[in-house]
Amino acid sequence: MPHLLAAGSSITVNLGKSLNKPSESILVILALTLLAVAPSLLILTTGFTRIVIVLGLTRQALGLQTTPPNQVVVGLALILSLFIMAPTLHQMNDDALQPYLHGKINATQAYRAAEGPLKTWMLKQTGNEELALTTSAANEHPATAKDASMQAVVPAFLLSQLKSAFIIGFVIFIPFLIIDLVVASALMSMGVVMLPPTLVSLPFKLLLFVMVNGWVLITHSLVVSFR
């Protein structure tokens, strides 16, 4: 067999630094996948559920069925959710997305790096009873809450969001319920039985809501509830 290379010679192949970087086709697939599951991720892993329920209960407490419109309520909930999640999203971008795009880590490492800050934030908003329920249902026995898997943390987080939303909604309903009772009692004492009490109490509830700057107060309460 003839010698193709002389003794002591070598071949150097320069593969470049872009070998570990994800290709454009992979990035497009990941972007399309993320856009497809974005609504589910928004509901399951952010404070969107709590915020939109509280805003919807506020509208019902006022006695307004379609004002503000659903688009406004959902839009406000989306903006507040992104505002609250901004620090966590920045950390996920710095720890996972940017290193992955620059080829410093692979997809599995990027997922693990992004999972950490998100799970930490979700666990801060998750009750112990809800987490114990989901971990037991998933047949998990984590030593600490951080050791629980995402499949147990996500439903526990969502249950905690529903609980918190209804507690806040109950507090919001109380002053408007008192106004309804006072107006109903006044109408009955005057013998006015044909006029719906809700029709008379609506202007007073709107006046009270405007005087206390209700939307700002509720928004502030929602933001503080996540801290």
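Test of understanding: among 218, 179, which residue is surrounded by 12 or more Cβ atoms within 10 Å (Cβ to Cβ), more than 32 Å from the chain's Cα centre (by Cα) and not basic (Lys, Arg)? Walk me through how you get there before you give the answer.
Numbers: 218 fails: more than 32 Å from the chain's Cα centre (by Cα).
Sole residue among the options that is surrounded by 12 or more Cβ atoms within 10 Å (Cβ to Cβ), more than 32 Å from the chain's Cα centre (by Cα) and not basic (Lys, Arg): 179.
Residues of the range 47-95 being in contact with a Phe, Trp or Tyr (Cβ under 7 Å, 6 or more places away or on another chain) and of a type in the set (Val, Ile, Thr), which ones?
Residues satisfying the conditions are 84, 88.
Go through the range 130-227 and tell me which helices (runs of 4 or more DSSP H), entirely inside it, have 2 or more residues that are closer than 19 Å to residue 48 by Cα and among the β-branched types (Val, Ile, Thr). So that I can check it myself, show each step before the final result.
Numbers: elements: 150-189, 197-211, 214-225.
Correct list: 150-189, 214-225.
If I go through the range 79-119 residue by residue, how many of them are touching a residue at least 24 places away in the same chain (Cβ under 8 Å) and among the β-branched types (Val, Ile, Thr)?
Matching residues across the range 79-119 total 2.
If you scan the range 91-110, which residues turn out to be within 21 Å of the chain's Cα centre (by Cα) and loosely packed, with under 14 Cβ neighbours inside 10 Å?
Answer for the range 91-110, where residues must be within 21 Å of the chain's Cα centre (by Cα) and loosely packed, with under 14 Cβ neighbours inside 10 Å: just 94.
Looking at (1) over 17 Å from the mean Cα position of the chain (by Cα); (2) in contact (Cβ under 8 Å) with a residue 12 or more places away in the chain; (3) surrounded by fewer than 16 Cβ atoms within 10 Å (Cβ to Cβ), find the lone condition where residue 59 falls short.
The one condition residue 59 does not meet is (3).
Looking at the range 85-108, can you tell me whether even one residue there is among the β-branched types (Val, Ile, Thr) and either more than 22 Å from residue 150 (Cβ to Cβ) or modelled with pLDDT under 85 (or both)? It would help to see each step written out before you state the result.
Let us first name the residues in the range 85-108 that are among the β-branched types (Val, Ile, Thr), namely 88, 105, 108.
Within this subset, residues satisfying the condition of being either more than 22 Å from residue 150 (Cβ to Cβ) or modelled with pLDDT under 85 (or both) are 105, 108.
Scanning the range 85-108, I find at least one residue that is among the β-branched types (Val, Ile, Thr) and either more than 22 Å from residue 150 (Cβ to Cβ) or modelled with pLDDT under 85 (or both), so the answer is yes.
The values are calculated or read from the model by the stated rules, or taken from the named source; none is laboratory data. Treat the numbers as computed from the prediction; the structure is a model and nothing was measured. Ideal geometry is used to build each Cβ from the backbone, glycine not excepted, and the neighbour counts take in all protein chains shown.
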